[in-house]
Every structure is written in structure tokens, then in C-alpha cells.
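Below is one structure, written out as C-alpha cells, with a few remarks after it.
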Amino acid sequence: MRKIVSVTSVFALLLAVAARGGEFKAPKPGPEHEKFKDMVGVWDAKVESKGKESTATMHYKVGLGGLWLLEHFQGEFEGKKFEGMGATSYDPAKKKYVNVWIDSMSTSPMVSEGNYDKAGKMVMKGQMPLPDGKTIPMTMTLEMKDKNNMVFVATGTAGGKEFEMMKITYTRKKTGRGE
């Protein structure tokens, strides 16, 4: 199955290049991708949701030719192990950042897009998949307080009312190398 998906992906790329009648030019990271470097590293996370707190760890690294910020979150949610992975890039055609998020509590990905607001916060909007196959609108805000602290807030909308689903306070993990 994996070979079929890989071959299909390569074939689709070749068809797209042929349809354009030209040579394929791989995208290069731009100034928007530079912001990712501030997040690279390991972060301790304090998660607040539904009046409860838990701890977790987030690993960020830049990969795939410098085009993507790759995220790996590990912790607990409501007393159960939780793991999530994400990938964020800047799409110059849309002039927006895009994100795909998958985790151990859903079989459907969440896709979101957005930009930095005037205050310097990253604001992304998407549809969060629910277990019953429905979705709810989500707004995710990430604010870098300084080089070692950031805050993520996820807000959902249900019944026309907005509510905070979770808040994660991140602190950069010290590596013992004077950082």
C-alpha cells in the first residue's frame, strides 16, 4: 500500500510539471520560514483544560529542506497518554501559514491556516474533527513571550458560542549547555 501511495504521489507531481509545460523548480525557504528557527528545541508544557492540569513535552525541528516546522507532542490528556504530530509551513501562493495536525485521539487530521496578527501572535483557524465525524471551528493562537517562553490557546465554537478548550504554557527545556 505504501508503495502505491508513493508511486501515485510521484506520478501526480510529474503530471503537474508536464501540464505546466516546464521544468519543476523546488520551493525554497523564504523569510516566513525563518520564524520557525525560534521554536526549534525541546519544550516543557503545562496543559490546562477543563479545569485540570497536566504536563507534556513538545519537540520542534525544521525539516524537509527547511520548508516545514515538524512538531512532536507527548504527554497526558484526562489521565490517558496522548501523542500528537504536526507540520507547519508557509504557502506563498496562499500567503498564509498552513498546518496539519494528527494525534492519538483522532483518525482524521486537522488542517488549519493563518498568519501573524498585528501583536505578533500566530493565529490559525481550522476545523477540529470530532469522534462522530462532525467538526467544530477552532482558532489556535501561539504567542512567543520571549525566546524561552510561549503560550498556545485553542478556542472552539459550539452552538454559536466560543470557549477555551485548552491553554498550553511552554518553557524551553534547559540542555545543560549554558542555554
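When residues of the range 115-145 are filtered for being more than 23 Å from residue 32 (Cα to Cα), out of contact with any Ser or Thr (no Cβ under 7 Å at 6 or more places or on another chain) and among the β-branched types (Val, Ile, Thr), how many remain?
Of the residues in the range 115-145, 1 are more than 23 Å from residue 32 (Cα to Cα), out of contact with any Ser or Thr (no Cβ under 7 Å at 6 or more places or on another chain) and among the β-branched types (Val, Ile, Thr).
Of everything in the range 95-113, what is polar (S, T, N, Q) and under 11 Å from the mean Cα position of the chain (by Cα)? Give them in sequence order.
99, 112
Within the range 122-179, which residues are more than 20 Å from residue 69 (Cα to Cα), acidic (Asp, Glu) and touching a strand residue (DSSP E or B) at 6+ places or on another chain (Cβ under 6 Å)?
162, 164
For the range 65-94, which positions are in a loop (DSSP other than H, G, I, E, B), touching a residue at least 12 places away in the same chain (Cβ under 8 Å) and within 27 Å of residue 27 (Cα to Cα)?
Once the filter is applied, which keeps residues that are in a loop (DSSP other than H, G, I, E, B), touching a residue at least 12 places away in the same chain (Cβ under 8 Å) and within 27 Å of residue 27 (Cα to Cα), the range 65-94 yields 65, 66, 67, 92, 94.
So in the range 114-146, with the set limited to residues that are assigned to a loop (DSSP other than H, G, I, E, B) and under 27 Å from residue 81 (Cβ atoms), which one is nearest to the chain's Cα centre (by Cα)?
130
Computed from the coordinates by the stated procedures, all read-outs in this text should not be read as laboratory data. Quick caveat: nothing in here was measured; it's all calculated off a predicted structure. All Cβ positions, glycine included, derive from the backbone under ideal geometry; neighbour counts span all protein chains shown.
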